[in-house]
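These notes are about the structure you will find just below.
The values are calculated or read from the model by the stated rules, or taken from the named source; none is laboratory data. Quick caveat: nothing in here was measured; it's all calculated off a predicted structure. Neighbour counts run over all protein chains shown; Cβ positions are idealised from the backbone, glycine included. Heavy atoms of the whole protein, side chains included, go into the accessibility calculation; ligands, DNA and RNA do not. Shrake-Rupley method; radii C 1.70, N 1.55, O 1.52, S 1.80 Å.
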Amino acid sequence: MIIVSEKNIFSLTNKYYSYVFRVGDGGILEHIYYGSSLINPNNSVSHHYQTHRDGVLHFQGKKNYNLSELPQEYPTFGSTDFRFPAFHCKNSDGNTATVLKYKNHRIIKGKNYLSALPSARGGECSTLIVCLEDNLHKIEVDLAYTIYDNYGVLVRSANIKNNGNNKLELNNIYSSSIDLPASEYEILHLHGSWSRELSEESMIVPSGRFVIESNRGSSSAAHFPFIAVCEEQCNEIHGNIYSSSLIYSGNHSISVEKGEFNDVRLLTGINSFNFNWSLNPGDNFQTPEAVHVYSKNGLRGMSNIWHSFIRDKITPKNFNIKPRPTYLNTWESSYFDIDHQKVLKLADKALSIGLEMIVLDDGWFDRRIDDSSSLGDWYADTKRFPDGIQDLAIQIKRKGLKFGIWIEPEMISTKSELFKKHPDWVLKAPGRIPSLGRNQLVLDYCNADVVNYIFDKLDKLLSGGNIDYIKWDMNRNMSEVGSPVVSAKQQLEVPHRYILGLYSLLNRLTKKYPNVLFENCASGGNRLDLGMLRYMSQSWPSDMSDPIGRLNIINGCSYLFPLDVLSAYIGPSPNHQNGRISSINSRFNAGAFCAAKGISLSDSDIDNNANELAKLINFAKEHATDMIGGSFYRLKKSANVFCWQYITKDKKKCFLLYFHILSGPNEPFQHIKLVELEKNSKYKQTSNGKLYSGNLLMENGFTLPYVSMTNDNKSISYMPKGDFSSKLFVFKKV
Ligand code: GLA
């Protein structure tokens, strides 16, 4: 609900939160309150005193005038606020002083979709649009705020319009700014690199500015576009959390600045570093949408809101309630050593253990026998796939399997027919030798001809109607970022223009092929964000297929993403990334709650473990529907233990996963308290038929298996002997 008082106090309020601001003195939008839902939000007051601080903080001859201590909605620079601004723009006088004052507002039912950027779906929500104006340079800013009836989510964005007669240069144009009152806060954020994405880090908010950002062209595994600002003594269950992410896949920036009065400013948007946008008279610039989740129930409460919102309002509707097919992916099974006959043979193996889809990963196109060539030449290698992809797909489908294929459409190898024909179709800086990453360059998606060419190629591949799934990969960061089709003056627009080109392609393709399941990948999780998930139903979060390596990654993912959007497979052992030897069971269990499950194993690995694999795949299929739409909980995480719970939406089935990393002698006994069961219902542990009441499992807890020092591996009260052991328990409501 949006309430506007006669005194121009604006309240957005639902059962989860209230967000209040007002038109303050001189027309500046002053932030008043963000937090737990209030009964009368319009009565809330700002805790900001207009007080006499003297000295350098005394402006306009007014003893109490000082924007640097005023909580604001969309702060600018050049006047009396010295914190990092949401808006920073050079005007035709060459300075950056901007004063944005309230002009008018309107309220719409539902929400608008952004035209060139992905945006959250609407539904039962309303949007307040407040128009601010810099009267001198005729800059108008529309701030959009969407509040949903049924989610603790606030979606914000800004649209900048140049109504003047001169060009503007936009530097910072954050999607949102939230000024939180002085308190002790901690930050939780997710960082990493290839194969160790999404590691969590927490710290006390320091004085000064803490920034996570990307300047790699993609949202990146180094810093995921997500921050949770947690109020003092917050944990999984308790505490106020203000979290933020961005529906954007390029260079992002989320910063937390603790100012001189301990106030905290949270900025979310496109990275302003190495960014500059020329805004011609009459033109406008639309920022991506920032999504904010407030939780008064700690991290668990926060994740629950993100999970349901992403599932309901971000990921494509066609798949968000569909169980995903179990699959065999050829990558870690065969790498580039793949051909028509091998795929057919693997398909038979896949069928023999009950899998439902085969995914032909890298190596199928023209002369692609290693990673040194052929990206861009999206037609089948004539020697290894003489019948072409359509025919192969038909043969696979005749066997009763679905067929999926890998592509990397944003890239080009210098050894390719496409590069010979169009050496100018790449991102590059004049006079510099472009750095090769994995032997490849990045196609110039600022160039509409390039985007159209790739659309045609992919359209041709998909129009045969035989491809059920696409793994869309992107395997390098961008360097020497420049585009020959963009003027020299506008080169700092290239990273954003690239992303707009990518979104236009994804938009066309996914609209034309709504029944194709798209999986997002960028060397694993180098571009896992809400922007990509708006087009793609699932994501390969990491190339780390070792179960222990993956535990941290899934745990990190779960702060923000529902596990419905993740894929996981049983890879080889010893693991190819870290060399660890682990059981098939633990390799399955690490991904047990991810919606898409499969294997990537060689023929002989499949043969040697056929019975166990068949059993696990059967389990995955039996519970495929359960793994969509339920709730995931982090119950316990320590250096040696991960314990997670997943419960179906109808609360009829509950899964408990316990991972013990290193075995040790004479360990203490442990128990765990389950959550969100029906307290008056009875739940049967399927492995031994034991009955428990929901109440008992939640309050008295469940005894975790002891780490065995004997050979008693079969008994359910013991973990399998040795390191990296795990157990998955299923409870069914009776
Ligand atoms: C990336 C992906 C892998 C695989 C290879 C193929 O590294 O993350 O899963 O598809 O590319 O080259």
One residue from 609, 589 being farther than 21 Å from residue 299 by Cα and open to solvent by 30 Å² or more (accessible area, probe 1.4 Å): 609
Failed condition for residue 549, given (1) within 16 Å of the ligand (Cβ to nearest atom); (2) open to solvent by 30 Å² or more (accessible area, probe 1.4 Å): (2)
Test for residue 691: is it crowded, with 20+ Cβ neighbours inside 10 Å, in contact (Cβ under 8 Å) with a residue 40 or more places away in the chain and either of a type outside the set (Lys, Arg) or over 23 Å from residue 552 (Cα atoms) (or both): no
Qualifying residue in the range 379-400 (condition: out of contact with any Gly (no Cβ under 9 Å at 6 or more places or on another chain), within 14 Å of the ligand (Cβ to nearest atom), in a loop (DSSP other than H, G, I, E, B) and open to solvent by less than 40 Å² (accessible area, probe 1.4 Å)): no
Matching residues in the range 656-684 - criterion: being out of contact with any helix residue (DSSP H, G or I) (no Cβ under 7 Å at 6 or more places or on another chain), closer than 17 Å to residue 643 by Cα and of a type outside the set (A, V, I, L, M): 658, 660, 663, 667, 668, 669, 670, 671, 676
Criterion (open to solvent by 10 Å² or more (accessible area, probe 1.4 Å), out of contact with any His (no Cβ under 9 Å at 6 or more places or on another chain) and in the same structural domain as residue 149 (by TED's automatic domain parsing)) met by exactly one of 8, 40: 40
Checking residue 97 against (1) open to solvent by 30 Å² or more (accessible area, probe 1.4 Å); (2) within 19 Å of residue 176 (Cβ to Cβ), the condition it does not meet: (2)
Subset of the range 198-219 (residues that are open to solvent by less than 10 Å² (accessible area, probe 1.4 Å) and in contact with a Lys or Arg (Cβ under 8 Å, 6 or more places away or on another chain)): 205, 218, 219
Matching strands (runs of 3 or more DSSP E) fully within the range 268-353 where at least 3 residues are open to solvent by 20 Å² or more (accessible area, probe 1.4 Å), more than 16 Å from the ligand (Cβ to nearest atom) and touching a Cys at 6+ places or on another chain (Cβ under 8 Å): none
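Kindly evaluate residue 476 against the criterion of being open to solvent by 10 Å² or more (accessible area, probe 1.4 Å) and away from the ligand (no atom under 16 Å from the Cβ).
Here the answer is no, as residue 476 does not meet what is asked.
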Enumeration of residues in the range 111-137 that are within 19 Å of residue 287 (Cα to Cα), at pLDDT 95 or above and either among the aromatic types (Phe, Trp, Tyr) or part of a loop (DSSP other than H, G, I, E, B) (or both): 111, 112, 113, 114, 116, 117, 118, 119, 120, 121, 122
Elements of type strands (runs of 3 or more DSSP E) in the range 1-93, at least 3 residues being more than 27 Å from residue 276 (Cα to Cα): 2-4, 9-13, 17-23, 29-36
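To keep it simple, each residue is scored yes or no on (1) touching a Ser or Thr at 6+ places or on another chain (Cβ under 8 Å); (2) within 16 Å of the ligand (Cβ to nearest atom); (3) open to solvent by 10 Å² or more (accessible area, probe 1.4 Å).
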residue: 442; (1), (2), (3): no, yes, no
residue: 446; (1), (2), (3): yes, no, yes
residue: 450; (1), (2), (3): no, no, no
residue: 455; (1), (2), (3): no, no, yes
residue: 458; (1), (2), (3): no, no, no
residue: 491; (1), (2), (3): yes, no, yes
Residue in the range 452-469 that is closer than 27 Å to residue 253 by Cα and modelled with pLDDT of 95 or more present: no
Unmet requirement for residue 573, which otherwise passes all of (1) open to solvent by 30 Å² or more (accessible area, probe 1.4 Å); (2) not in a loop (DSSP other than H, G, I, E, B): (2)
Set 680, 688, 611, 666: member being more than 21 Å from residue 560 (Cα to Cα), part of a helix (DSSP H, G or I) and of a type in the set (S, T, N, Q): 611
Of the criteria (1) away from the ligand (no atom under 16 Å from the Cβ); (2) β-branched (Val, Ile, Thr); (3) touching a Ser or Thr at 6+ places or on another chain (Cβ under 6 Å), which one residue 486 fails: (3)
